[in-house]
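J.: Have a look at this one.
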Amino acid sequence: MALKQYERHEPCNLKLFTPGPVIVPDYLLKELALPNDTHRNAWYSELQESVEEQAKRLMYTKNDVLTFISSGTGAMEACMSNLLDGDEPGLVLSCGAFGNRWHQIGQGLGKNVDKYKIPDGTAFRADKVKEWLDKKDYRIVCIEANETSAGVMNKMEEIAPVVKDTGALLCVDAVSALGGLKVEVDKLKIDVCLGSTQKALALPAGLAIAAVSDEAFEKAERTKNRGYYFDMVELRKKMLAKHQTPTTGPIHTLRALDISLNHILDVEGLENCFARHRRMANMVKGWANGRGYEMVPDPGYESPTVSAIRRPEGMVTLDFVKQMIDRGYRIVNGYGDLRNKSFRIGHMGALMPDDIGELLGVMDDVLDK
Ligand SMILES: Cc1ncc(COP(=O)(O)O)c(C=O)c1O
């Protein structure tokens, strides 16, 4: 019998304007299709070390970088299981679905976590965060740099000092930020900055990376019951000894990540890469304003990697998304509480301003009909 062929039908032919997973450009697809090798050899160690070193440059840090064999959620879980011991209090700052997820992870692990939730679409302000921090001696504070569900960017340069003043460890979810938004880990004294491959790094899902401070590692060492799979202490040991992971990872994804980071850092250049993402975000915002549509985030807090637009009067979000799919373009519904109340356009990874121009033209065409 012939080998089953996966039919390349509708979803594969769509042009993805999604907030992850995203289009994987040909130069990375090529890496993903190379012959396999094992993960306990010098070649692999060299590869992982190269990823670690490049990830440090991406995150502006000298901190050690861990590789998690999971999507981004695994690294979020690691923060909760490694950095909160017993019933020490932790605080999650949530302005959308992924902030809520971090709180759920803490609860699922039986941790003593509070949630300071602000309406989806709003961003955290330092003075209000400080009021919350005054309530308890929180040991960790978790926040999204970029809340993908609402297209909101939190201004980490304003929030980080307020958190660090309290002595809490600061954990930042940069899953949809890394590669599209500057997050300066050392300058802001971020203790854990985590990201994953399927967003602005333009790869399939399967790996998460996190820059972890010495203070956070020291805390992890003192924490009992850190679990097994996401034990930061064990992950670090293996990384320091051999630049390997304790379990088998997606070797191809790591290999393609090495090339993706190389492209961002040394071919395009970080600043150019950030500027391209911001330019695409501005194009979408300009388009929305032009049509009289309202952005979900407060002005000035729009994400550079994903734009969330409030559903205008008379639009059925799902119908609009479907019509765009029929034209070959995948945009997505709102997420969490914003589902059916907004639609989102991802502009991250390998997308270019011309791609956004093309998309906006098609959206006009669909909406004007
Ligand atoms: C801000 C943010 N955090 C966390 C996640 C979860 O990441 P993953 O799906 O890689 O586990 C996502 C995914 O969309 C995200 O956008």
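J.: Apply the Karplus parameterisation 6.51 cos²θ - 1.76 cosθ + 1.60, with θ equal to phi minus 60°, to every residue of region 296-311 and state each ³J(HN,Hα) to the nearest whole Hz, in sequence, with x for glycine and proline.
T.: Karplus values, whole Hz, x for Gly and Pro: 5, x, 4, x, x, 10, 6, 5, x, 10, 8, 10, 10, 10, 5, 4.
J.: Amide H of S94 versus every other amide H placed in the peptide plane: which residues, excluding those fewer than 5 positions away on the same chain, fall under 5 Å?
T.: Residues meeting the amide H criterion: Y116, K117, I118.
J.: Follow-up question, since we're still on this one. Starting from the amide H of S149, placed 1.01 Å from N in the peptide plane, find each other amide H under 5 Å away whose residue is 5 or more places distant or on another chain.
T.: Amide H neighbours of S149, under 5 Å, 5+ apart: A97, F98.
J.: Another question, then. Scan around K341 for amide H atoms under 5 Å from its own, H built in the peptide plane at 1.01 Å from N, and keep only partners 5 or more places away or cross-chain.
T.: Answer set, sorted by chain and number: G334.
J.: Cut-off 10 angstrom, C-alpha nodes, Gaussian network model of the chain. Which of A256, A200, A288 fluctuates the most?
T.: A288
J.: Using only the alpha carbon atoms of region 33-162, find the Kirkwood hydrodynamic radius as the inverse mean reciprocal pair distance, in angstroms to one decimal.
T.: Working: mean 1/r = 0.0600 Å⁻¹.
After inverting the pairwise mean of 1/r, the radius is 16.7 Å.
J.: Using θ = phi - 60° and the Karplus curve 6.51 cos²θ - 1.76 cosθ + 1.60, what whole-Hz ³J(HN,Hα) does each residue of region 74-79 get, with Gly and Pro shown as x?
T.: x, 5, 5, 4, 4, 4
J.: Hey, another quick one. With springs only between Cα atoms under 10 Å apart, run a GNM on the chain and tell me which of G110, G72, G195 wobbles the most.
T.: Evaluated over the chain, the most mobile residue of the options is G110.
J.: My understanding is that a pair violates if its Cα-Cα distance is over 20 Å; which of K62/K130; K62/K182; K62/K155 do that in this structure?
T.: Values: K62/K130 28 Å; K62/K182 16 Å; K62/K155 22 Å.
Long pairs (Cα-Cα over 20 Å): K62/K130; K62/K155.
J.: Distance from the Cα centre of region 287-315 to that of region 353-369, in angstrom?
T.: 15 Å
J.: What ranking, highest mean first, results for peptides 36-42, 229-235 when packing means the other Cβ atoms within 10 Å averaged over each residue? Please list the in-between numbers first.
T.: Working: 36-42: 10.6, 229-235: 20.0.
Peptide ranking by packing, descending: 229-235, 36-42.
J.: Here's a follow-up. On the principal axes of its Cα set, how long, how wide and how thick is the chain? Give whole Å, largest value first.
T.: 62, 59, 41 Å, listed from the longest principal axis down.
J.: Among K285/K341; K115/K237; K117/K285; K111/K341; K135/K189, which pairs are too far apart, with a Cα-Cα distance over 28 Å?
T.: Working: K285/K341 17 Å; K115/K237 32 Å; K117/K285 25 Å; K111/K341 32 Å; K135/K189 22 Å.
Table pairs above 28 Å Cα-Cα are K115/K237; K111/K341.
J.: Please build a GNM for the chain, connecting alpha carbons under 10 Å apart, and tell me which residue among M153, M280, M315 fluctuates the most.
T.: It is M315.
J.: In whole Hz, what ³J(HN,Hα) sequence does region 318-330 give by Karplus (6.51, -1.76, 1.60; θ = phi - 60°), x for Gly and Pro?
T.: 4, 5, 5, 4, 5, 5, 5, 5, 4, 8, x, 10, 9
J.: Based solely on its DSSP helices, what 222 nm [θ] is calculated for the chain when runs of n ≥ 4 H residues each add -39,500 (n - 2.57) and the sum is averaged over all residues, nearest 500 deg cm²/dmol?
T.: Values: 14 runs with 152 residues, N = 369.
After summing the helix terms and dividing by the residues of the chain, the value is -12500 deg cm²/dmol.
FYI, it's all coordinate maths here, none of it is from the lab. Because the structure is predicted, anything quoted here is derived from the model rather than measured. Every residue, glycine among them, receives a Cβ derived from its backbone with ideal geometry; neighbour counts consider all protein chains shown.
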